1. Using only the alpha-carbon atoms, what does the chain span along each of its principal axes? Please give whole angstrom values in decreasing order.
2. Just name one of Ala94, Trp66, Val109: the one whose Cα is farthest towards the positive end of the charge dipole of the range 15-168 (beta-carbon charges, Lys/Arg +1, Asp/Glu -1).
3. Could you work out [θ]222 nm for the chain from helices alone, using -39500 (n - 2.57) per DSSP H run of at least four and dividing by all its residues? Round to the nearest 500 deg cm²/dmol.
4. Under a plain spin-label model, where a point goes 7 Å from the Cα along Cα-to-Cβ, how far apart in nm are Trp46 and Ala94?
5. What's the local net charge at Asn169, with K and R +1, D and E -1, over the other residues with C-beta under 13 Å away?
6. Would you mind finding the longest exposed-site-free stretch of the chain, with exposed trypsin sites (Lys or Arg not before Pro) meaning DSSP loop and at most 16 other Cβ atoms within 10 Å?
7. For the range 128-171, what is the convex hull (Cα atoms) projected area averaged across all directions, in square nanometres?
8. Please list the radius of gyration and Dmax for the range 72-143, considering alpha-carbon atoms only, with Å as the unit.
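Derivation of every value follows stated rules applied to the coordinates shown; laboratory data play no part. Bear in mind the structure is a predicted one, so any value in this text is a computation, not a measurement. All Cβ positions, glycine included, derive from the backbone under ideal geometry; neighbour counts span all protein chains shown.
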Amino acid sequence: MATAAEGNRPRRRRRWLKVALVTVPAIVLAGSLSGYLSNSGYSNEWFAALRKPGIMPPGWAFPVAWTTLYALMGVAVARVITATPSRPRTIGLALFAAQLALNFSWSPVFFGAGMIDWGFLIIMAMNVAVTATIIAFSRVNGVAGLLLLPYLAWLCLATALNWEIGRLNPGADRAPLGIMGA
């Protein structure tokens, strides 16, 4: 005989899947729009002219990686949205919204405005916010926290790339703060 909790599992699973059918495309679309509107990538003349570090992945890797990461974010947040309401859930969702706002602001600042130092500050804040989100999500739904680990790993690479691009291109920052030395 199945317990009440076992009987609710399929219903709960269908529920987060239904929510993910909204959150995944919404986050992928919003992230793609942020990149498109800020002319991110090698089609950006300012960025294309910059010296790149040796660890720079090929241009095609960025849309593939970000689409995958945004999809994982959409699944993770769907799992948390459909969890039982609680203080940890509320904190996790607030942290997720904060890191997503930082994420969507990075491309317009870095690519759109050519502000390398400001981009670095944003991406450092993103690393902190994503780490806090992973911890918060893990307290609500372990799988949701794990789904964000590839995002944090990619952010660490992106942070190193941001730093190295600033270091290799003194004078290229359109609003320098002196973080990279110029």
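1. In descending order, the Cα extents are 70, 27, 25 Å.
2. Ala94
3. Working: 7 runs with 131 residues, N = 182.
Helix-only estimate at 222 nm: -24500 deg cm²/dmol.
4. Here the answer is 3.4 nm between the modelled labels.
5. On the way: positive: Arg51, Lys52, Arg167, Arg174; negative: Asp117, Glu164, Asp173.
It works out to a net charge of +1.
6. After excluding every exposed loop site, the longest remaining stretch is 52-173.
7. Working: hull surface 12.5 nm².
If I average the Cα hull's projected area over directions, I get 3.1 nm².
8. In Å, with Rg to one decimal and Dmax whole: 13.6, 43.
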